Structures are given as C-alpha cells and as structure tokens.
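Taking it in order: structure first as structure tokens, then the write-up.
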C-alpha cells in the first residue's frame, strides 16, 4: 500500500514539474521591446544612434509604429529599414535611427511602442521600451579671444559693363517671376472654384461616394492590397478632418484614436475604427497579407463608420 502511494506521489510531482516548465516556456515567448543608444552624452548637433529591438515568436504579427520626422524632441536624421533575424525559434526584428538635437539640456527619448497579434487572439496587444535620458551639452567657445575677420574686406569698384549685366539679369528675373505669378494666379481661380464646390458637399456624402468608387475599382482583386487599404483609410481620415476638425491625415493611428475619444463616440463604433486602422497598419507596415474575407470587410467597415458618426439631422416638429 505504501509503495502504490509513493508511485502516485512521484507521478504527481512529475506533472507539477512539467506544468511549471511549460508555463515558463510560454511566458518566455512574450513580445519584448528594447531601445538602446550608442551614448547618453552628446554635443549639440551631434548624431545619436538609436537601435530598437523587438523579440517574439515567429507566429506573432508585429506592427511597427509610423514615425514622421521626430522621436519626442529629437529630430530623425535617418531611419533604416527593419532587419529580421531568427535564432533558436526566437525572431529578432530591429530598426536603427540616427537622431540629433540642436539644443542643450537633459532630454528624454520617449518609450518606443509596437502593436502585435498573438496566435488565436482577436484583440491587439501592445509592448513598449523604457524611456532613455540623453544629456546634450553646448559647444564650448573660447570667449577670451576677440572675434575678427581673417582678412580685411577688399574694395572692388564696379564697371559700367558689370552694372549693365547685373541690371539685365535683375530685369530678366523680375520678368520671369511676374510670368510665373500671372500663370499661377490664372490657374488658381478654377481650382479654387472646384475646391469651394467640393466643400459644399457634406463630409459624410463625399466619404460614402468615395468609398463606393474605391469598391468599384476592385484594387485588391487585382493584387494591390496595400494601395487598397491606404486609400480606404485615407478616405476615412479625410472624413474625420472635415467632420470633427482634427488633423487626421497627419496623425498616426493611435493619435487619431486619442483625438476621437473627446467626442464620446459609441464604444462599438470605436472598436470598428480601431479594427480598420490596425488592419491597415499591419498591411502597410508589417507586410501582413490578409485573406480575401478580410479584404471584403474594409468598405463595409468604412461605410458603417461614416453612417454611425455623421451629423444627426433634425426632424422639424409640426406646430
């Protein structure tokens, strides 16, 4: 009897060890983001090299953020393409930035965030790096020495021939500028009239018409999936600009979501907007290839977003 109990205890112990090991393995596959710089102390105007590294399993779909021309207060001088390596079943993706700052002081590179979809998940997860503190010092100037010219200026008298030449050049430039001004002004009038006519059309009417036109083009059926998602989200972003007065065309997806929250939209429509924008970002930036069923939902999602957020028409009441 004691022998049988001992056997059960051994099996139970092995099962516990297996579960702990299996759990540790799963936890080890969480997506991680690491940001590192080649130096935390630079001189004003020097280049700072930043490397952002993401580690994940091969089954995760990673969406890098869209950076324009800056990371926080640091100007982006150059941005490399994403490099991808695999070792021991772990995928490492990294991107390198060259940054600069033209002011002295203590500054912070904000956390670099990414979005990703794990296998079997319907929602989107987020991960980000830690912020980095950078110290920028000013250029040292020797104030003990006086500022002076290397050589004194030379007086060179102008001849009548040179004066005539310069006068002719100035007159030719003035005539060219006037011709350009006249052409632009003449051409601008019909364009302004067309823009004014388009602005009379309500934003939701124009957005719905453009979405239906995009559907008729059948772009994704011809193989250009990226252009299809880009144009669809551009139409919705332009609608947000005219409907809510936000600069949606110039913002990242996360910035658009943050701006829309102030209008207290319905939670379901916010989920639809987030779904459309996240899928588009995955296609545009992460080279994600959606299945045809996903492509067929893009135009309906756009139409629902416009219909559910358009201004409510007031029905006149009978006196």
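The values are calculated or read from the model by the stated rules, or taken from the named source; none is laboratory data. Given the structure is predicted, the values throughout are model-derived calculations rather than measurements. Please note: Cβ atoms are built from the backbone with ideal geometry, for glycine as well, and neighbour counts cover all protein chains shown.
At a glance:
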item	result
Residue 77 surrounded by 11 or more Cβ atoms within 10 Å (Cβ to Cβ) and within 27 Å of residue 249 (Cβ to Cβ)	yes
Selection within segment 249-297 - surrounded by 12 or more Cβ atoms within 10 Å (Cβ to Cβ) and assigned to a loop (DSSP other than H, G, I, E, B)	251, 252, 265, 286, 288, 290, 296, 297
In segment 45-84, the residues that are more than 15 Å from residue 35 (Cβ to Cβ) and assigned to a loop (DSSP other than H, G, I, E, B)	45, 46, 58, 59, 60, 66, 68, 69, 73, 81
Test result for residue 116, surrounded by 15 or more Cβ atoms within 10 Å (Cβ to Cβ) and more than 17 Å from residue 38 (Cβ to Cβ)	yes
Some residue of segment 149-162 being surrounded by 10 or more Cβ atoms within 10 Å (Cβ to Cβ) and modelled with pLDDT under 90	yes
Selected residue [exposed (fewer than 12 other Cβ atoms within 10 Å of the Cβ), assigned to a strand (DSSP E or B) and in the same structural domain as residue 124 (by TED's automatic domain parsing)] from 106, 93	106
